[in-house]
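The values are calculated or read from the model by the stated rules, or taken from the named source; none is laboratory data. This is a predicted model, so every value here is computed, not measured. Heads up, the Cβs are rebuilt from the backbone with ideal geometry, glycines too, and the neighbour counts pull from every protein chain shown. Please note that ligands, DNA and RNA were not included when accessible areas were found on the heavy atoms of the full protein model with its side chains. Shrake-Rupley method; radii C 1.70, N 1.55, O 1.52, S 1.80 Å.
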Amino acid sequence: MPRKIAAGNWKMHGDGAALAELDALIAAAAPGVEIVICPPATLIARMADRARGSAVAIGGQTCHHAATGAHTGDISAAMLVDAGATHVILGHSERRADHAESDAQIRAQAQASLAAGLIPILCVGETEAERDADVTLAVVTGQLAAAVPDLAPDTAGASLVVAYEPVWAIGTGRVPTTAQIAEVHGAIRAHLADRFGAAAQDIPLLYGGSVKPGNAAEIFAVANVDGALVGGASLKATDFSGIIGALSAA
Ligand code: PGA
């Protein structure tokens with residue numbers, strides 16, 4: 001069985017005042033759920049210090065594939081580890097759109113993350129135009145084929161998390177039907193099983209895109225959904241705790 005993970009993507013939200021929210025999130029921990037908060041880079045070290053010993057892990061939102069170098073504004077995987085991060089979101093659609101990140105770059109970032117000891121939360125998902133054109137499964141499995149690095153089958157389940165995030169569902173309040181989520185998550189599991197064999201059963205598959213306390217239980221009841229990657233509703237512990245509770249009960 002994969003681990004259950006509730007991951008929060010804070011995007012470009014939060015400053016020192018948000019540390020109190022982390023305390024509330026730590027208090028919201030529930031049995032059987034791993035909580036990962038991915039704040040802006042400026043908060044990683046402070047939040048990692050504050051969360052040490054709790055059920056909340058801290059992650060980055062991207063990293064550069066190189067270890068060091070002349071890359072102004074970038075952060076390497078080893079630097080995230082040095083700051084106290086254990087996870088990193090890679091290939092989020094906002095990175096793909098705003099920074100033109102390609103699957104090949106995301107694969108290189110994932111390899112660098114694994115080498116540094118970080119767990120990548122690798123995002124895939126179709127645009128609305130791609131769903132309308134009925135190419136969702138081809139897009140998602142194509143992204144996986146190009147962006148997921150080779151993994152040793154015996155450690156695949158512990159070293160990778162995949163998040164399915166339909167681009168049209170992110171921040172919009174629109175959510176796919178449970179049948180649509182089941183279809184894509186089933187295809188992701190099958191693709192990973194082709195590459196990694198039985199170990200694919202242990203890779204947590206998260207759904208992301210407008211997950212709220214009110215729809216979380218329904219989403220977590222879908223086959224092959226092992227948790228969520230949550231944007232807006234992860235910023236307030238009062239909201240995120242409802243999602244964590246639903247996952248714990250699933
Ligand atoms: P949302 O964002 O929950 O605000 O839709 C999800 C994400 O971008 O990871």
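For region 83-93, state whether one or more residues are away from the ligand (no atom under 16 Å from the Cβ), out of contact with any strand residue (DSSP E or B) (no Cβ under 9 Å at 6 or more places or on another chain), over 17 Å from Gly208 (Cβ atoms) and assigned to a loop (DSSP other than H, G, I, E, B). Among the residues of region 83-93, not one is away from the ligand (no atom under 16 Å from the Cβ), out of contact with any strand residue (DSSP E or B) (no Cβ under 9 Å at 6 or more places or on another chain), over 17 Å from Gly208 (Cβ atoms) and assigned to a loop (DSSP other than H, G, I, E, B), which makes the answer no. Got at least one residue in region 112-127 being open to solvent by less than 20 Å² (accessible area, probe 1.4 Å), among the hydroxyl-bearing types (Ser, Thr, Tyr), closer than 22 Å to Gly59 by Cα and within 15 Å of the ligand (Cβ to nearest atom)? Taking every residue of region 112-127 in turn, none turns out to be open to solvent by less than 20 Å² (accessible area, probe 1.4 Å), among the hydroxyl-bearing types (Ser, Thr, Tyr), closer than 22 Å to Gly59 by Cα and within 15 Å of the ligand (Cβ to nearest atom). Screening region 45-61 for residues that are in a loop (DSSP other than H, G, I, E, B) and touching a residue at least 12 places away in the same chain (Cβ under 8 Å) and picking the one that is most open to solvent (accessible area, probe 1.4 Å) gives Arg52.
Answer with yes or no whether Thr68 is among the hydroxyl-bearing types (Ser, Thr, Tyr), more than 24 Å from Gly14 (Cα to Cα), open to solvent by 10 Å² or more (accessible area, probe 1.4 Å) and not in a helix (DSSP H, G or I). For Thr68, the condition - among the hydroxyl-bearing types (Ser, Thr, Tyr), more than 24 Å from Gly14 (Cα to Cα), open to solvent by 10 Å² or more (accessible area, probe 1.4 Å) and not in a helix (DSSP H, G or I) - is met. The condition of being buried (at least 22 other Cβ atoms within 10 Å of the Cβ), more than 16 Å from the ligand (Cβ to nearest atom) and not aromatic (Phe, Trp, Tyr) does not hold for Leu144.
When Gly84, Gly91, Gly53, Gly69 are screened for being at pLDDT below 95, of a type outside the set (Lys, Arg) and at positive phi, only Gly53 passes.
Among residues of region 163-180 that are without any contact (Cβ under 8 Å) to a residue 40 or more places away in the chain, those with a beta-carbon under 9 Å from a residue that is open to solvent by 50 Å² or more (accessible area, probe 1.4 Å) and in a loop (DSSP other than H, G, I, E, B) at least six positions away or on a different chain give the pairs Gly173/Lys212.
Within region 190-213, residues that are open to solvent by 40 Å² or more (accessible area, probe 1.4 Å) sit with their Cβ atoms under 6 Å from residues that are more than 12 Å from the ligand (Cβ to nearest atom) and among the small types (Gly, Ala, Ser), at 6+ positions apart or across chains, in these pairs: Asp202/Gly157; Pro213/Gly242. Selection within region 103-124: residues that are within 15 Å of the chain's Cα centre (by Cα) and not in a helix (DSSP H, G or I). The member of this set that is farthest from Thr136 (Cα to Cα) is Leu118.
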